[in-house]
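For reference, the structure is listed below as structure tokens.
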Amino acid sequence: MKIKGPVAEVDVGGNTKEINIVLTPEAKVGDYVLLHAGYAIQVIDEKSAEEIFDAWEEAYEALQ
């Protein structure tokens, strides 16, 4: 959503979070990133992001 120095404001499932992007300096607004413990650890493509979203949705539905 926006980047200021090593901190990015991101949308995580409809919630806005601030994360650290020091490990992914190539990240730019509009990119998808993998998050761990408040850090972006990898920039990923949209197809990979959609696959991850789908897997989380399936896991959630299985628990219901």
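Computed from the coordinates by the stated procedures, all read-outs in this text should not be read as laboratory data. Remember, it's a predicted structure, so these values are computed and weren't measured experimentally. Don't worry about glycine lacking a Cβ; one is built from the backbone with ideal geometry, like all the others, and counts go over all protein chains shown.
In a DSSP loop and with at most 16 other Cβ atoms within 10 Å, the GluC sites (Glu not before Pro) in segment 12-64 are E26. Of all lysines in the structure, the ones whose alpha carbon falls short of 20 Å from that of K4, not counting any fewer than 8 places away in one chain, are K17, K28. Can you list the trypsin sites (Lys or Arg not before Pro) in the chain that are in a DSSP coil and have 15 or fewer other beta carbons within 10 angstrom? Taking the chain and a limit of 15 other Cβ atoms within 10 Å, the loop trypsin sites (Lys or Arg not before Pro) found are K28.
Note on K2: aspartates and glutamates with a C-alpha under 20 Å away, same-chain residues under 8 apart excluded, are D11, E18, E26, D31, D45, E46. Rg and Dmax over the alpha-carbon atoms of the chain stand at 12.5, 40 Å.
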